[in-house]
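I have placed the structure first, in the form of structure tokens, so that the comments after it can refer back to it.
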Amino acid sequence: MKRTLQAGLLLLTGAGVLRVSLFSDIVLRYVKAGLQPYVIASGVCLMALGLTGAARDRPGRDGPAEDGPGHEHEQEHVPEHEHGHDHSHGPRIAWLLLLPALALLFHAPPALGSYTAARDNAKVVEDYDRFDPLPAHGPAPLSLTEFIARAQQDDHQALKDRTVVLSGFVTPGKNGTWDLTRLLVACCAADSQSLTVTMHGVTAPPADTWAKVTGTWHHEGTLGTPSAALALDVTSLQRIPQPPSPYRDRAPAIDS
């Protein structure tokens, strides 16, 4: 690969990285929000390296000094195995960088979804020391993390007969059931873990559909203990767009 092409490939890759990190939030499909500035910095560095390489090889730039009287004599001592090699060329494997660069520019891969969740490790929810009171009136919006924790840890059983609102994406389950799911990441999509709550009472939307569901805790097991079912009797379902940060488990907004 010639140096001019190397510079072009660096520019192309840098442009792809900046497209998904600086000019959009697509990068949040792959890493947590706190890493976005570092991805932007990486894109800037790639662009700078590409521009530097292009400037060094621009037409009309002064080349190496003309051969001096001793140059011919020096070449006579160059080992034979060094002849025939153009050291301005990089390895051909560098062309493989073209594929992810084009993907980032024209068709960025989607966030992880039901395929990963069905094969992922379940996230263990940490122990809560205390729970804040639920709203006095109306449905209580909860993250999946808080719903799971309240179902299995809240001695006061605040979820008993209480209407809650959850959001996540659809993961098909076994025997016709389906789960509302969230994937959480510590760093990037490679270390994802899933949170799932089984839905009862409504037909499953297509896999990977994002939905906001309203319902009550499904009576199975003892509420406030590890035996409590992580399930919801759904009374209504509303399809919603995928949030900008799909790996951030947050309580859904309630329509006013």
Phi-based couplings in Hz for the range 103-115 (Karplus 6.51, -1.76, 1.60; Gly and Pro marked x) = 4, 5, 7, 10, 7, 5, x, x, 5, 4, x, 5, 4
Hey, can you grab everything whose amide H is under 5 Å from the amide H of GLY224? Only 5+ residues off in sequence or another chain; H modelled, so Pro and N-termini drop out.
-> GLN152, GLN153, ASP154
Percentage of interatomic Cα-Cα distances in the chain larger than 22 Å = 66 percent
ALA118 versus ASP132, label points 7 Å from Cα toward the beta carbon: distance in nm?
-> 3.6 nm
Mind running the shape call on the range 115-239? Use the C-alpha gyration tensor, a ≥ b ≥ c as the square roots of the eigenvalues: rounded below 1.5 for a/c, prolate if a/b tops b/c, oblate otherwise.
-> oblate
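The numbers here are math on the coordinates, done by the rules we state, and not lab data. Worth saying up front: this structure is predicted, and the values here are computed from it rather than measured. Don't worry about glycine lacking a Cβ; one is built from the backbone with ideal geometry, like all the others, and counts go over all protein chains shown.
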